[in-house]
Amino acid sequence: MPNVSNVKSKFFGAVAATDADGISTTASISGAAALTINGTLTSGGSYTSGDNIGQIVTITSAGDDTGITFTVVGTDAVGDAQTEAVTGADTDVASSSGYFNTVASITTSASSDAAVTAGVTGTGTGTVFAGRTRIRGLQGLSGTSAGNLLFKNTSVTGTTLLTVPTQAAAELIEPYIPDNAVLFDAGAYVNFGSAVATITVFYDG
């Protein structure tokens, strides 16, 4: 029986390692104002993750910021506009629930209690295909640490249907996948950290 699937490919870029001030370095905020986007992960006043990758944004507070919110404005992993209000923490870290590919601004609703920084966690997620699909194959390069490349059904937090282990060295990632592929009946989503440098996924689209 001939293969009549419409195979497509999607490239996912590198994930930035955990960096608490990679987006905005230490500063106290007076009034409702914007954090300066000046961390080592930024360029030209904005932050961009790897191609088609979203990362969680973190806000680290040196004081009690539970009474204010930090509004993060940017885009998600597929390039759609995304805005989220993150409630501050008390001498701790507050995290976005959404995954951001870019961050254009972070503004406070009021003065911070003390210094704050903004950064990212070391895990990235991306959408291979948002509907029913099959993963036909993949090829990439492992990163700086051993770990797992996870493909999930339904959402980025869904059931893992395919796990690909990686080595702590720059090695080719090219696992064997059976001819009938791996079925994701509610969408395929990828989740990985610094264990992967880059990856290209082949899927039915």
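No lab work stands behind these numbers, since they all come straight from the coordinates. It should be emphasised that the depicted structure is a prediction, and the values quoted were computed from it without experimental measurement. Note that each Cβ is placed from the backbone with ideal geometry, even for glycine, and that neighbours are counted across all protein chains shown.
Net charge of the neighbourhood of residue 135, taken over other residues with C-beta under 15 Å away and scored Lys/Arg +1, Asp/Glu -1, is +2.
With Cα atoms as the point set, the stretch 19-121 shows a radius of gyration and Dmax of 12.2, 35 Å. Of the residues 76, 51, 92, the one that moves most in a GNM of the chain with alpha-carbon contacts below 10 Å is 92.
Each Lys or Arg adds one and each Asp or Glu takes one away; over the other residues whose Cβ falls under 15 Å from the Cβ of residue 32, this sums to -2.
When you filter the chymotrypsin sites (Phe, Trp or Tyr not before Pro) in the stretch 146-189 for DSSP loop state and at most 10 other Cβ atoms inside 10 Å of their Cβ, you are left with 176. Rounded to the nearest 20, the Cβ-based charge dipole of the stretch 19-121 about its Cα centre (Lys and Arg +1, Asp and Glu -1) stands at 220 debye. Look at the Cα gyration tensor of the stretch 104-204: its axes a ≥ b ≥ c give a/c of at least 1.5 with a/b at or below b/c, and that counts as oblate.
When the chain is treated as a GNM, springs tying every alpha-carbon pair under 10 Å, which of 123, 18, 163 comes out with the largest mean-square fluctuation? Judging by the Gaussian network model, the answer is 163. Computing Rg and Dmax of the Cα atoms in Å directly from the structure and comparing it against (1) 19.3, 63; (2) 18.7, 68; (3) 16.9, 48 singles out (2). Pick from 101, 180, 153: which is most flexible by mean-square fluctuation in a GNM of the chain where alpha carbon atoms under 10 Å apart are linked? Among 101, 180, 153, the largest mean-square fluctuation in the Gaussian network model of the chain belongs to 180. Other residues with beta-carbon under 11 Å from the beta-carbon of residue 101 carry, at +1 per Lys or Arg and -1 per Asp or Glu, a net charge of -3. By other beta-carbon atoms within 10 Å, ranking 10, 152 with the fewest at the front produces 10, 152.
Distance from the Cα centroid of the stretch 77-93 to that of the stretch 12-58 is 11 Å (rounded to whole angstrom).
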